[in-house]
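The values are calculated or read from the model by the stated rules, or taken from the named source; none is laboratory data. These numbers were taken from a predicted model, which means no experiment stands behind them. All Cβ positions, glycine included, derive from the backbone under ideal geometry; neighbour counts span all protein chains shown.
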Amino acid sequence: MAQAPIGARRRAYRPKQAPRGKARGLALPFERTRAHTLFESRAWTAVRLASDVLWLSIAVAVAAFTVEPSGDDAADWPLLLLYPPTVIALLAVRGLYRRDAHVPLVDGALRIFGLTSAAGMSLLALMALVEPAPHPVGLIARAWLLSAALLVVSRAALARARTTARVQRRSGKPTIIVGTGRVGSQIARRLRQKPELGLVPIGFLDTETQPDFRGGPLLGTPAQLTDVVTETRAEHVILSYLAGPGASDSLLVPLLHECENLGVEVSVVPRLVDTSSNRVLLDHLGGLPLFAVQRVDPKGFQFAIKHALDRLSAAAAIALLAPLLAGLAVAVKLSSPGPVLFRQFRVGRDGQEFAMFKFRSMRVEDVSQRPDPLPPLAGAAPGGVEGEDRRTRLGGFMRRTSLDELPQLFNVLRGDMSLVGPRPERPEYVALFGQHIHRYTDRHRVKSGITGWAQVHGLRGQTHLADRVDWDNYYIENWSLWLDLKILLMTLGAVSRNAE
């Protein structure tokens, strides 16, 4: 392939169309920038390993420096030299040095805290075996706490650097999607929406596509996988469903082996794509794998515990935030004529309507000027500013910081809502979306929430509705108290981003 000028290489993400029937190549192969080499190759493992070794050594050195020569732990500090390799080994066993590991900050911090704790306990056990006499735990505790804090901060900084490079399109793995059906198009759209995942869709392979397919360029057929991967320098392949009338899922199995021979990473979309539960048990019937899916029961005792904790937490939050709530109420009253609270009917669990509370953020509307029909949304969820912008200056601030949502704590206290759950919608939109959006009504299996899994992943305001629905149903099918806690922690970061 002829080389293009250096200045043209910035356009390496845009595939070039070719006539149907031929392998459709790219204008240029994917460019390997320095950021790509650092964050997407084996160098990424080396960087994290070197960083962990450095900070673990500093933690051990600081802990040893605090030892008094005549103290009880003076004879034990040399055993601290075993602490860094123990932590490194545990991190490696748990897969935290894999190149493709994408661990959210909250999950990563919890894993590091657990693994450094396990290393500390192992070291204490070793001390007890070497010398049965009592050993002071202060030395190990200092090394453990300091190392855990340093590892969390350093890994967060490295992850942030990689995310920034991916969002700026300086890094990422060129990805080919096999299959141009609904799922394949959905995968491409979401990868473009979430560049921090590091998979950059560059095109599709399929036996044929639908005339109205808009997911991306067709690079060829599955039989041309090797040629397309070689030409585009693709590093990841996602196997979805083939769209042609003669296509069969059995064609995907040879492609899986072909990817392994090419040395590219491969992901497979399961047949039960709408069943997103991670509570799956693997069994075997002879050589046939069987997956048993354990479903979450929204009417079971676990959700009863969740709702009880919701009310207790809401009551505590109201008491703690009482001065803030009172101050905002006075400010809203003084900012413009009208009520302090905005009440709007929404649809919650089992399709039941309830009045949801917010601090009023807009000037009172002249009802006689309100248009009757709903505005067309073209696939986007309603939200943000609809129609005339009537926000007050205070209202704009409250909406940006989500302070206008705080009165919903009273909805939680009354039992209308939960702290975490799918965001509720207006009845007129629910009736419309239930007819046109796949699995929309499934989100009404649980109570609506002040915050949710979709919202902490950036799906707020007028964002893609089908994506919101999928995130909401994922939350329901994988619910746990830990997931609720993680969403609440992630909400603290999400509120700093614009909600409109």
**Message:** With the requirement that a residue be in contact with an Asp or Glu (Cβ under 6 Å, 6 or more places away or on another chain) and modelled with pLDDT of 85 or more, what does the range 451-473 give you?
**Reply:** ALA454, ASN473
**Total residues in the range 136-158, condition under 33 Å from the mean Cα position of the chain (by Cα) and not in a helix (DSSP H, G or I)** = 0
**Asked** For ASP472, are the conditions met, namely being surrounded by fewer than 24 Cβ atoms within 10 Å (Cβ to Cβ) and not in a loop (DSSP other than H, G, I, E, B)?
**Response** no
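Condition check ((1) at pLDDT 55 or above; (2) assigned to a helix (DSSP H, G or I); (3) touching a helix residue (DSSP H, G or I) at 6+ places or on another chain (Cβ under 9 Å)) across all residues:
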{"position": "ARG24", "(1), (2), (3)": "no, no, yes"}
{"position": "ARG48", "(1), (2), (3)": "yes, yes, yes"}
{"position": "VAL67", "(1), (2), (3)": "yes, no, yes"}
{"position": "LEU79", "(1), (2), (3)": "yes, yes, yes"}
{"position": "LEU82", "(1), (2), (3)": "yes, yes, yes"}
{"position": "ALA92", "(1), (2), (3)": "yes, yes, yes"}
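Could you say which residue among GLY458, GLY452 is out of contact with any Ser or Thr (no Cβ under 7 Å at 6 or more places or on another chain), surrounded by 22 or more Cβ atoms within 10 Å (Cβ to Cβ) and under 29 Å from GLY108 (Cβ atoms)?
On the way: GLY458 fails: surrounded by 22 or more Cβ atoms within 10 Å (Cβ to Cβ).
Going through GLY458, GLY452 in turn, the sole match is GLY452.
For every residue, the table says whether it meets (1) modelled with pLDDT under 90; (2) farther than 22 Å from MET398 by Cβ; (3) surrounded by 13 or more Cβ atoms within 10 Å (Cβ to Cβ); (4) not hydrophobic (A, V, I, L, M, F, W, C).
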{"site": "VAL268", "(1), (2), (3), (4)": "yes, yes, yes, no"}
{"site": "SER277", "(1), (2), (3), (4)": "yes, yes, yes, yes"}
{"site": "GLN302", "(1), (2), (3), (4)": "yes, yes, yes, yes"}
{"site": "ILE305", "(1), (2), (3), (4)": "no, yes, no, no"}
{"site": "ALA314", "(1), (2), (3), (4)": "no, no, yes, no"}
{"site": "LEU320", "(1), (2), (3), (4)": "no, no, no, no"}
{"site": "VAL330", "(1), (2), (3), (4)": "no, no, no, no"}
{"site": "VAL347", "(1), (2), (3), (4)": "no, yes, yes, no"}
{"site": "GLU353", "(1), (2), (3), (4)": "no, yes, yes, yes"}
**Complete:** Within the range 419-441, of all residues that are in contact with a Ser or Thr (Cβ under 7 Å, 6 or more places away or on another chain) and not in a helix (DSSP H, G or I), the one surrounded by the fewest Cβ atoms within 10 Å (Cβ to Cβ) is ARG423
**Message:** Give me the residue from the range 176-199 that is closer than 20 Å to VAL456 by Cβ and assigned to a loop (DSSP other than H, G, I, E, B) and, out of that set, modelled with the lowest pLDDT.
**Reply:** LYS194
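Yes or no, residue by residue, for (1) in contact with a strand residue (DSSP E or B) (Cβ under 9 Å, 6 or more places away or on another chain); (2) among the hydrophobic types (A, V, I, L, M, F, W, C); (3) in contact (Cβ under 8 Å) with a residue 60 or more places away in the chain:
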site: THR180; (1), (2), (3): yes, no, yes
site: GLN186; (1), (2), (3): no, no, yes
site: ARG192; (1), (2), (3): yes, no, no
site: VAL200; (1), (2), (3): yes, yes, yes
site: ASP206; (1), (2), (3): yes, no, no
site: GLY220; (1), (2), (3): yes, no, yes
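Just one of VAL106, VAL130 is at pLDDT below 90 and loosely packed, with under 14 Cβ neighbours inside 10 Å; which is it?
Result of the check over VAL106, VAL130: VAL130.
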**Message:** With the requirement that a residue be modelled with pLDDT of 85 or more and under 16 Å from ILE450 (Cα atoms), what does the range 381-404 give you?
**Reply:** MET398, ARG399, ARG400, THR401, SER402, LEU403, ASP404
**Message:** Yes or no: the range 190-202 includes at least one residue that is farther than 21 Å from ASP100 by Cβ, out of contact with any His (no Cβ under 7 Å at 6 or more places or on another chain) and either outside the structural domain of ASP467 (by TED's automatic domain parsing) or hydroxyl-bearing (Ser, Thr, Tyr) (or both).
**Reply:** no
**Item:** Subset of the range 430-454 [within 13 Å of TYR474 (Cβ to Cβ) and not small (Gly, Ala, Ser)]
**Value:** ARG439, ASP442, ARG443, ARG445, VAL446, TRP453
**Asked** Any idea which of LEU492, LEU409 is surrounded by fewer than 20 Cβ atoms within 10 Å (Cβ to Cβ) and part of a helix (DSSP H, G or I)?
**Response** LEU492
